[in-house]
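A quick write-up on the structure given underneath.
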2 protein chains.
Amino acid sequence: MLSKEELLAYCAGARKNYLPHISIDCVVFGFHEGVMKVLVLNVEEGEWYLPGGFLLKEEPIETAANRILKERTGLDDIFLQQFYVFGDPERSKEHFEMYKDILPAGENWFTNRFLTIGYYALVDFQDVNPMPDELSISCNWFGLKELPELKLDHTQILNTALDTLRLHLNYQPVGYNLMPKEFTMPELQKLYETILDKKLDRRNFQRRMLSFGILNRSEQQRKGGAHKAPYLYAFNIENYKAALTEGFKGGW
Amino acid sequence: MLSKEELLAYCAGARKNYLPHISIDCVVFGFHEGVMKVLVLNVEEGEWYLPGGFLLKEEPIETAANRILKERTGLDDIFLQQFYVFGDPERSKEHFEMYKDILPAGENWFTNRFLTIGYYALVDFQDVNPMPDELSISCNWFGLKELPELKLDHTQILNTALDTLRLHLNYQPVGYNLMPKEFTMPELQKLYETILDKKLDRRNFQRRMLSFGILNRSEQQRKGGAHKAPYLYAFNIENYKAALTEGFKGGW
């Protein structure tokens with residue numbers, strides 16, 4: 001934990017540079033070969049948080065979300081999607097208890113009320129190399145079932161991000177930055193099964209996925225193996241991007 | 001426009017009671033028999049805004065959204081859904097120009113930077129009776145194609161709400177508070193066509209809608225008329241509510 005002097009210096013800087021009462025928290029989901037993880041920061045012994053921070057006074061919120069994620073975890077150039085604002089007046093009260101013997105509430109930036117804007121991202125955790133900032137001990141990937149308890153309302157933020165991601169699968173494509181350039185239908189199905197945490201029917205998956213028009217089938221089939229060579233697919237980038245903004249064809 | 005004295009008094013009250021830098025704007029869509037409208041406030045001659053306002057310092061944001069909508073339009077007990085935060089640092093600059101000869105920027109609450117949290121709602125415009133607050137000249141329903149130009153970024157907020165609503169139709173039910181207790185399939189289809197602003201195929205609509213499991217078919221058919229008596233449907237409330245939170249069955 002910061003000393004009183006360090007905390008006072010941080011608060012003075014924060015008041016000067018940041019918008020009060022607004023923060024950003026990032027939920028970064030990592031996938032690789034059927035495994036799904038989430039990125040959390042270990043700030044003190046036993047204290048785990050989502051990577052978050054504050055908005056500079058004149059900074060656009062998307063810029064702030066990307067800057068904060070980069071500063072706190074080293075992850076750069078990640079597509080972050082805004083998903084919800086958490087505004088319970090009690091959500092930061094845990095900080096008040098934590099700090100009450102160190103600084104009076106009126107002097108402590110962290111015991112203000114904060115509305116936090118949630119952003120989420122999907123990355124291949126093999127492609128990125130998280131590095132903790134100087135305020136943290138470490139920055140770690142955890143499987144959803146091995147996750148330590150998170151501080152404040154960060155478990156709720158994480159769960160809301162996961163629910164949102166799963167709902168978005170019904171009308172938006174995923175996988176562009178998670179799949180290799182060419183992939184088989186079972187490989188793509190595995191990604192969906194990992195996110196949804198359930199088995200899907202192979203034929204229904206293929207029929208539905210093809211109906212969206214976001215895949216091109218390659219002329220080539222994958223060689224080798226004892227089974228019939230599987231077809232290879234690649235995303236049709238134009239249709240994929242259109243579906244990201246307009247939703248899938250085959251909606252209403 | 002407020003006089004300098006009125007404006008100073010408003011700003012003093014606002015600083016005392018509200019969280020700085022955060023506002024809420026509400027997009028209320030009204031439907032009735034195939035017509036879709038949106039509710040806007042006429043604050044000054046030629047100045048149209050979405051109904052919006054500020055958060056009390058200790059107020060949960062959902063409470064604030066409902067209070068603001070009630071105060072500004074008289075609409076009460078409306079289910080408002082959060083959909084996006086608009087945070088462009090330039091979004092309130094129009095107010096700066098408007099007020100610059102009246103009050104220095106530092107003294108004027110309205111020329112602060114505001115992040116605004118967008119909420120939307122769907123109502124039957126025959127069921128509600130909008131009443132403007134004392135700051136407004138009137139509170140009016142406009143068809144989307146007859147809408148006057150809105151101030152600030154309110155046209156963008158409205159368009160984002162409409163895009164969100166249309167995407168949500170792909171995985172969430174609508175219509176519970178917009179349809180009579182019992183309705184025919186063509187009546188429900190009309191609601192979807194109105195929101196989407198396009199014609200839908202009758203058979204596909206019926207098949208897809210029934211596949212979601214949110215409708216109960218009544219034993220009774222509607223009497224009268226020259227055609228075959230149409231079936232009547234009602235929403236299955238339990239399944240409807242589950243689909244609101246979990247998405248439709250028949251997703252992945």
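The values are calculated or read from the model by the stated rules, or taken from the named source; none is laboratory data. All values derive from a computational prediction rather than experimental measurement. Positions of Cβ are backbone-derived with ideal geometry, glycine not excepted, and every protein chain shown enters the neighbour counts.
Take residues that are acidic (Asp, Glu) and tell me which of the helices (runs of 4 or more DSSP H) falling wholly in the range B:177-252 contain 2 or more. Steps first, please.
Details: elements: B:185-196, B:202-211, B:237-246.
Output list reads B:185-196, B:237-246.
Restricting to the range B:57-77, give me the number of residues that are in contact with a helix residue (DSSP H, G or I) (Cβ under 6 Å, 6 or more places away or on another chain) and farther than 21 Å from residue B:147 by Cα.
As a first pass, look at the range B:57-77 and keep what is in contact with a helix residue (DSSP H, G or I) (Cβ under 6 Å, 6 or more places away or on another chain): B:75-76.
This time we only want the ones that are farther than 21 Å from residue B:147 by Cα, so: B:76.
The number of residues fulfilling the criteria is 1.
Against the condition crowded, with 16+ Cβ neighbours inside 10 Å, part of a strand (DSSP E or B) and away from chain B (no Cβ under 13 Å), how does residue A:85 come out, does it pass?
Numbers: crowded, with 16+ Cβ neighbours inside 10 Å: yes; part of a strand (DSSP E or B): yes; away from chain B (no Cβ under 13 Å): no.
When the stated conditions are applied, residue A:85 does not pass them.
Out of the residues in the range A:21-48 meeting the condition of being surrounded by fewer than 18 Cβ atoms within 10 Å (Cβ to Cβ) and not charged (D, E, K, R), tell me which one is nearest to residue A:143 (Cα to Cα). Before the answer, list the steps.
The initial filter retains those residues of the range A:21-48 that are surrounded by fewer than 18 Cβ atoms within 10 Å (Cβ to Cβ), namely A:32-35, A:42, A:44-47.
After this cut, where a residue has to be not charged (D, E, K, R) as well, the list is A:32, A:34-35, A:42, A:46.
Numbers: A:32: 11, A:34: 11, A:35: 8, A:42: 15, A:46: 17 Å.
If we take residues in the range A:21-48 being surrounded by fewer than 18 Cβ atoms within 10 Å (Cβ to Cβ) and not charged (D, E, K, R), then A:35 is nearest to residue A:143 (Cα to Cα).
Is there any pair with a first residue in the range A:106-130 that is more than 16 Å from residue A:50 (Cα to Cα) and free of Cβ contacts under 8 Å to residues at least 12 places away in the same chain and a second that is of a type in the set (Phe, Trp, Tyr) and buried (at least 21 other Cβ atoms within 10 Å of the Cβ) whose Cβ atoms are under 8 Å apart and which are 6 or more apart or on different chains, and what are they?
No pair meets every condition.
All but one of (1) at pLDDT below 90; (2) away from chain A (no Cβ under 14 Å); (3) part of a helix (DSSP H, G or I); (4) surrounded by fewer than 18 Cβ atoms within 10 Å (Cβ to Cβ) hold for residue B:155; which doesn't?
So residue B:155 meets the others, but not (1).
Hey, among the residues in the range B:159-176 that are more than 10 Å from chain A (Cβ to nearest Cβ) and part of a helix (DSSP H, G or I), which one's surrounded by the most Cβ atoms within 10 Å (Cβ to Cβ)? Steps first, answer last, please.
So the first thing to find is which residues in the range B:159-176 are more than 10 Å from chain A (Cβ to nearest Cβ), and the list is B:159-162, B:164-165, B:173-176.
Imposing the further condition that a residue be part of a helix (DSSP H, G or I) reduces the set to B:159-162, B:164-165.
Working: B:159: 13, B:160: 17, B:161: 24, B:162: 18, B:164: 16, B:165: 20.
Ranking the candidates gives B:161 first.
Is it the case, given these coordinates, that residue A:61 is buried (at least 19 other Cβ atoms within 10 Å of the Cβ) and among the hydrophobic types (A, V, I, L, M, F, W, C)? Break it down into steps so the answer makes sense when it comes.
Working: buried (at least 19 other Cβ atoms within 10 Å of the Cβ): yes; among the hydrophobic types (A, V, I, L, M, F, W, C): yes.
Yes; evaluated as a whole, the condition is true for this residue.
Check residue A:201 against each of (1) among the acidic types (Asp, Glu); (2) within 11 Å of another protein chain (Cβ to nearest Cβ); (3) within 18 Å of the chain's Cα centre (by Cα) and name the one condition it does not meet.
(3)
Restricting to the range B:207-227, name every residue that is surrounded by fewer than 17 Cβ atoms within 10 Å (Cβ to Cβ) and either within 17 Å of residue B:182 (Cβ to Cβ) or under 24 Å from the mean Cα position of the chain (by Cα) (or both).
B:210, B:216, B:217, B:218, B:219, B:220, B:221, B:222, B:223, B:224, B:225
Listed residues B:78, B:22, B:61, B:68; which is within 10 Å of another protein chain (Cβ to nearest Cβ), aliphatic (A, V, I, L, M) and closer than 30 Å to residue B:191 by Cβ? Explain how you work it out, then say what you get.
Numbers: B:78 fails: within 10 Å of another protein chain (Cβ to nearest Cβ); B:22 fails: closer than 30 Å to residue B:191 by Cβ; B:68 fails: within 10 Å of another protein chain (Cβ to nearest Cβ).
When all the criteria are applied, what remains is B:61.
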